[in-house]
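The values are calculated or read from the model by the stated rules, or taken from the named source; none is laboratory data. All of these numbers come straight from a predicted model, not from anything done at the bench. Counting neighbours? That spans all protein chains shown, and the Cβs are built from the backbone with ideal geometry, glycine included. All accessible areas refer to the heavy atoms of the entire protein, side chains included, with ligands and DNA or RNA removed. Shrake-Rupley method; radii C 1.70, N 1.55, O 1.52, S 1.80 Å.
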Amino acid sequence: YGLIDITPVLTKSSNVATSKMAFAIQSTQLLSMFRRVGLGAPTHAGFPGESGGTVPNRAKWRPIELATISYGYGVSVTALQLAQGYATLASGGLFRPVTLLRRPTHATAGERVMDAQLAKTVVHMLESVTTDAGTGSRARINGFRVAGKTGTVHKLGAGGYAEHEYLSVFAGMAPATRPRVVTVVVVDNPRN
């Protein structure tokens, strides 16, 4: 795509640009953000047998690891963890643990893990993904501004990544101006 800013990186889902951005920051910063939004740890939402996912925790990542982790390979998260991360963006950078259980209202105050203006800016950039130019145009809803991100990953098979086996994901929120709903859709082996 040539020289682009961050919005088209998200719009077009550029792994090359995402890798370059990851190389420009310290790997500890990337790991810290993953942890702050709840990736790589159980949500404790009250669902029995929940997986904690996997986010590598090393003092130094190899360049190939940093590149692939920046666009979602080498990490494993549940749909609920991903929704919790997007809910943090949707709430202006406040982390609130997701739950399936009724909790007292004071438990939902949240912990600031991201600058509010930064979260708002990222949500605005994620709106571009649902335009005609974006990879998530089918997530558009008439009458609502939708923000989100698509992702496609190879599934693991015997001895590595399976050649023709994929998971497709869309994580998003609406209305983008003041998000009230966050959702994650996962399609196992999409066809046409």
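Key figures for this structure:
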read-out	value
Residues that are open to solvent by less than 80 Å² (accessible area, probe 1.4 Å) and either touching a residue at least 40 places away in the same chain (Cβ under 8 Å) or within 13 Å of the chain's Cα centre (by Cα) (or both), drawn from segment 28-40	30, 33, 34, 37, 38, 39, 40
Residue satisfying condition, being at pLDDT 95 or above and either open to solvent by less than 30 Å² (accessible area, probe 1.4 Å) or within 21 Å of residue 42 (Cα to Cα) (or both), within set 145, 112	112
Subset of segment 82-109 [part of a loop (DSSP other than H, G, I, E, B) and modelled with pLDDT under 95]	96, 97, 98, 99, 100, 101, 102, 103, 104, 109
Matching residues, segment 41-68, being among the charged types (D, E, K, R) and loosely packed, with under 13 Cβ neighbours inside 10 Å	58, 60, 62
Subset of segment 65-81 (residues that are assigned to a helix (DSSP H, G or I) and within 19 Å of residue 182 (Cβ to Cβ))	79, 80, 81
Restricting segment 148-167 to residues that are among the hydroxyl-bearing types (Ser, Thr, Tyr) and farther than 18 Å from residue 179 by Cβ, the residue that is most open to solvent (accessible area, probe 1.4 Å)	161
Count of residues meeting criterion [more than 15 Å from the chain's Cα centre (by Cα), part of a helix (DSSP H, G or I), closer than 19 Å to residue 74 by Cα and among the β-branched types (Val, Ile, Thr)] in segment 1-27	1
Breaking point among (1) surrounded by 14 or more Cβ atoms within 10 Å (Cβ to Cβ); (2) over 21 Å from residue 152 (Cα atoms); (3) free of Cβ contacts under 8 Å to residues at least 24 places away in the same chain, for residue 9	(2)
Number of the exception - residue 183 against (1) touching a residue at least 60 places away in the same chain (Cβ under 8 Å); (2) within 21 Å of residue 1 (Cβ to Cβ); (3) out of contact with any helix residue (DSSP H, G or I) (no Cβ under 6 Å at 6 or more places or on another chain)	(2)
Leading residue by the ranking (least open to solvent (accessible area, probe 1.4 Å)) among those in segment 69-79 that are among the β-branched types (Val, Ile, Thr) and touching a residue at least 40 places away in the same chain (Cβ under 8 Å)	69
Residue, nearest to residue 99 (Cα to Cα), within segment 18-27, restricted to residues that are free of Cβ contacts under 8 Å to residues at least 12 places away in the same chain and either open to solvent by less than 20 Å² (accessible area, probe 1.4 Å) or hydrophobic (A, V, I, L, M, F, W, C) (or both)	25
